[in-house]
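Input: a single structure, listed below in structure tokens.
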Amino acid sequence: MGTIWADTDGLHDDLETASGLEAWMEAVGVDEGTASATSNELAEARALRDSLRLLAAIQTEDTRPTAVSHMTDASRAVDVLNTAARRLPIPQLQIQNNAFRRTSTATSAVPAALAGIATEAVNLFGGPDADRLRACQAPGCVLYFVKTHHRREWCSIACGNRARAARHYQRIRQTTPQE
Ligand SMILES: [Zn+2]
């Protein structure tokens, strides 16, 4: 979900190109050596990401303008998520040269990585953490986070600092007499 993010330059999308998807896979620790992504896989990754953002927006009753997703149909988003999750590699035992060998049903690194994300998402949205999912309300932020601590209000320390600075600025403006 964090592949759409914002800074002072505006919105960024890490999944605009296949090489962006490869960089993301490397960043999340998928190092299969063969992590080259096709345009189909890029489309799958984007559909999964947009689905997760829609489900998060619904779960958190997100009203931020940035919560608008390319995906608008919740049941379609759930379908995309479940389809991706079903492609989780399943370990298989084989006999090769009179020895046991562990193999996997995964055919490519990208669907396997997406299946891992989808499985995490099934556990998040369908599990006890769903009620702790929050939309970060810091100015301009587009991210979601799980409220891991009762005092946690922001997705990151940086967002907390920016939100406090914005509040401070508001207070000064309100208490300074207008000329
Ligand atoms: Zn934030």
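The values are calculated or read from the model by the stated rules, or taken from the named source; none is laboratory data. Because the structure is predicted, anything quoted here is derived from the model rather than measured. Please note: Cβ atoms are built from the backbone with ideal geometry, for glycine as well, and neighbour counts cover all protein chains shown.
Could you please let me know if LEU88 is buried (at least 16 other Cβ atoms within 10 Å of the Cβ), of a type outside the set (Ser, Thr, Tyr), in a helix (DSSP H, G or I) and modelled with pLDDT under 95? Against the criterion (buried (at least 16 other Cβ atoms within 10 Å of the Cβ), of a type outside the set (Ser, Thr, Tyr), in a helix (DSSP H, G or I) and modelled with pLDDT under 95), LEU88 does not qualify. Condition check for THR83 on (1) under 26 Å from CYS136 (Cβ atoms); (2) surrounded by fewer than 19 Cβ atoms within 10 Å (Cβ to Cβ): one failure, at (1).
Okay, residues lined up against (1) within 13 Å of the ligand (Cβ to nearest atom); (2) in a loop (DSSP other than H, G, I, E, B); (3) more than 19 Å from the chain's Cα centre (by Cα):
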| residue | (1), (2), (3) |
| --- | --- |
| PHE125 | no, no, no |
| GLN137 | yes, yes, no |
| GLY140 | yes, yes, no |
| PHE145 | yes, no, no |
| HIS149 | no, yes, yes |
| ASN161 | yes, no, yes |
| ARG164 | yes, no, yes |
| ARG167 | no, no, yes |
| ARG171 | no, no, yes |
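With respect to THR105, determine if the residue is closer than 22 Å to SER39 by Cβ and either more than 15 Å from the chain's Cα centre (by Cα) or in contact (Cβ under 8 Å) with a residue 24 or more places away in the chain (or both). The answer is no for THR105.
Looking at the range 59-67, can you tell me whether even one residue there is charged (D, E, K, R) and surrounded by fewer than 20 Cβ atoms within 10 Å (Cβ to Cβ)? Scanning the range 59-67, I find at least one residue that is charged (D, E, K, R) and surrounded by fewer than 20 Cβ atoms within 10 Å (Cβ to Cβ), so the answer is yes. Is at least one residue of the range 95-115 within 16 Å of the ligand (Cβ to nearest atom), at pLDDT below 95 and touching a Leu at 6+ places or on another chain (Cβ under 9 Å)? Checking the range 95-115: not a single residue is within 16 Å of the ligand (Cβ to nearest atom), at pLDDT below 95 and touching a Leu at 6+ places or on another chain (Cβ under 9 Å). Taken over the range 122-179, the criterion of being touching a residue at least 40 places away in the same chain (Cβ under 8 Å) and either more than 21 Å from ARG64 (Cβ to Cβ) or touching a His at 6+ places or on another chain (Cβ under 9 Å) (or both) is satisfied by VAL122 alone. Annotation: GLU120 fulfils all but one of (1) under 23 Å from HIS12 (Cα atoms); (2) surrounded by 12 or more Cβ atoms within 10 Å (Cβ to Cβ); (3) at pLDDT 90 or above; the unmet one is (1).
Sort out which residues of the range 64-78 are over 18 Å from GLU41 (Cβ atoms) and free of Cβ contacts under 8 Å to residues at least 60 places away in the same chain, and write them in order of number. Scanning the range 64-78 gives PRO65, VAL68, SER69, THR72, ASP73, ALA74, SER75, ARG76, ALA77, VAL78.
When you check GLY10 against the structure, is it at positive phi and of a type in the set (Gly, Ala, Ser), yes or no?
Values: at positive phi: yes; of a type in the set (Gly, Ala, Ser): yes.
Judged against the criteria, GLY10 is a match.
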